[in-house]
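The block underneath contains the structure these notes are about, expressed in structure tokens.
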Amino acid sequence: MHFGDILEGTGSGSFYVFDENTAPLFGREMLEVLNDRYTVLPAGEQYKHLATVETVLEKCLSFGLARDSTIIAVGGGVVCDLTAFAASVYMRGCRCILIPTSLLSMVDAALGGKTGVDFGGYKNMVGTFYPAEEIRVCTRFLQSLPEAEYVNGLAEVIKHALLGNRNLWTLLTEEKEKILARDSELMTQVVDYSLQVKGHIVEEDFREEGNRAFLNLGHTFGHALETAGGFETWSHGVAVAWGIRVALSAGVALRVTSPAYAERVNDLLDSYGYPSSADADSSRVLQAMEHDKKKRGGTLRFVLQKDFGETFITDIDSKIVEKAVTAHLHSS
Ligand SMILES: NC(=O)c1ccc[n+]([C@@H]2O[C@H](COP(=O)([O-])OP(=O)(O)OC[C@H]3O[C@@H](n4cnc5c(N)ncnc54)[C@H](O)[C@@H]3O)[C@@H](O)[C@H]2O)c1
């Protein structure tokens with residue numbers, strides 16, 4: 001597959017950041033055209049730290065990039081987040097273009113201006129708000145994405161639909177086969193609807209002082225599961241899908257969520273193969289939530305839904321939390 005066209009017009013003074021899985025998608029010839037003005041980072045969250053940003057900044061300096069130069073990320077959320085962070089601090093901010101290549105980065109990480117790296121054992125602890133000047137999406141990149149990464153991104157697509165996009169919900173329910181087959185044309189539509197949801201929310205609340213937190217639907221519970229599994233057992237997406245189920249159960253227990261709606265969402269998650277129950281120790285999951293609570297100044301806010309597109313943020317009594325969490329756990 002040829003991807004050279006996506007780099008067209010990015011300018012001869014630009015600098016490109018790939019990772020070891022995205023650089024090969026362009027082939028030797030295309031990379032040669034870039035005239036060494038690129039770097040290939042090791043892939044993975046474990047490299048999302050300040051030392052990698054420093055590597056990018058050093059390269060930018062050695063190529064004499066100026067404030068009006070452009071740094072271009074070509075990769076998943078890790079490459080996008082850390083490249084945008086580097087762009088936001090290089091000479092106090094140079095131009096930045098993001099070319100997301102994983103589903104998660106297309107529908108989530110590239111849009112919204114949050115940049116950053118992991119620090120001190122915490123994810124995304126150091127970063128800036130710095131929206132990219134341009135985001136170039138090409139769903140043909142999805143063809144080479146490992147299945148687990150694809151499933152990871154689909155959970156965020158489902159979340160975006162629940163936040164209130166009926167067209168996206170219809171595609172997810174009626175075009176499942178094509179979505180799972182990564183049909184490029186259909187996925188362009190899926191990504192577009194997904195970005196409409198996130199774009200609308202971010203426009204209203206860029207700095208997450210209010211409703212941007214709706215995007216965290218399923219994330220408080222999901223993050224606790226990811227933490228309990230040492231970030232190795234469950235991918236972010238599988239944990240978020242699980243977290244959405246727990247949030248719906250908590251809402252039903254509180255008599256705020258329509259049980260029929262909860263059932264419809266659970267059916268959709270089932271149809272995409274997301275597990276309804278995780279093999280984990282409840283005390284570890286609840287402990288992870290306590291830890292998160294301390295980090296957030298003693299309160300945990302949960303994103304719940306009354307129904308499709310009817311989202312709100314609330315505190316929940318710890319007994320209800322415990323009940324909802326344990327209802328979705330089992331131990332082998
Ligand atoms: N800034 C934000 O608002 C925001 C939102 C959500 C997530 N994120 C961040 O995004 C990161 C996760 O993103 P991710 O899931 O894309 O992870 P990732 O960047 O690690 O990519 C996942 C894997 O897929 C590979 N890959 C990417 N595109 C490929 C392609 N087309 N073909 C083959 N392999 C490919 C990568 O090399 C990597 O091994 C996390 O660090 C998270 O914090 C940021």
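The values are calculated or read from the model by the stated rules, or taken from the named source; none is laboratory data. Small disclaimer: the values here were computed from a predicted structure and weren't measured. So basically every Cβ, Gly included, is an ideal-geometry build from the backbone, and we count neighbours across all protein chains shown.
Only one of (1) crowded, with 19+ Cβ neighbours inside 10 Å; (2) free of Cβ contacts under 8 Å to residues at least 40 places away in the same chain; (3) closer than 29 Å to L329 by Cβ is not met by N266, so which one is it? Only one criterion in (1) crowded, with 19+ Cβ neighbours inside 10 Å; (2) free of Cβ contacts under 8 Å to residues at least 40 places away in the same chain; (3) closer than 29 Å to L329 by Cβ is unmet by N266, namely (1).
Selection of first residues in the range 171-197 that are surrounded by 15 or more Cβ atoms within 10 Å (Cβ to Cβ) and of second residues that are among the small types (G, A, S), restricted to Cβ pairs under 6 Å at least 6 apart or on distinct chains, gives the following pairs, ordered by first then second residue: L172/A161. Summed over the range 237-288, residues that are at pLDDT below 95, closer than 16 Å to N152 by Cα and of a type in the set (D, E, K, R) total 0.
Every condition in (1) at pLDDT below 95; (2) within 18 Å of I135 (Cβ to Cβ); (3) surrounded by 13 or more Cβ atoms within 10 Å (Cβ to Cβ) holds for E8 except the one numbered (3).
Residues in the range 51-66 that are part of a loop (DSSP other than H, G, I, E, B) and touching a strand residue (DSSP E or B) at 6+ places or on another chain (Cβ under 7 Å): F63, L65. Taken over the range 111-131, the residue count meeting the criterion of being surrounded by 15 or more Cβ atoms within 10 Å (Cβ to Cβ) and farther than 15 Å from A86 by Cα is 3. Restricting attention to the range 21-51, the residues being among the β-branched types (V, I, T) and closer than 21 Å to N124 by Cβ number 1.
Listed conditions (1) of a type outside the set (K, R); (2) farther than 20 Å from T128 by Cα; (3) not in a helix (DSSP H, G or I) are all met by F206, apart from (2). Name the residue that is farthest from the ligand (Cβ to nearest atom), counting only residues in the range 16-50 that are of a type in the set (F, W, Y) and either over 24 Å from the mean Cα position of the chain (by Cα) or in a loop (DSSP other than H, G, I, E, B) (or both). Out of the qualifying residues, it is Y38.
Yes or no, residue by residue, for (1) more than 11 Å from the ligand (Cβ to nearest atom); (2) assigned to a loop (DSSP other than H, G, I, E, B):
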residue	(1), (2)
G153	no, no
E156	no, no
H160	yes, no
L168	yes, no
R182	no, yes
Q189	yes, no
Q196	yes, no
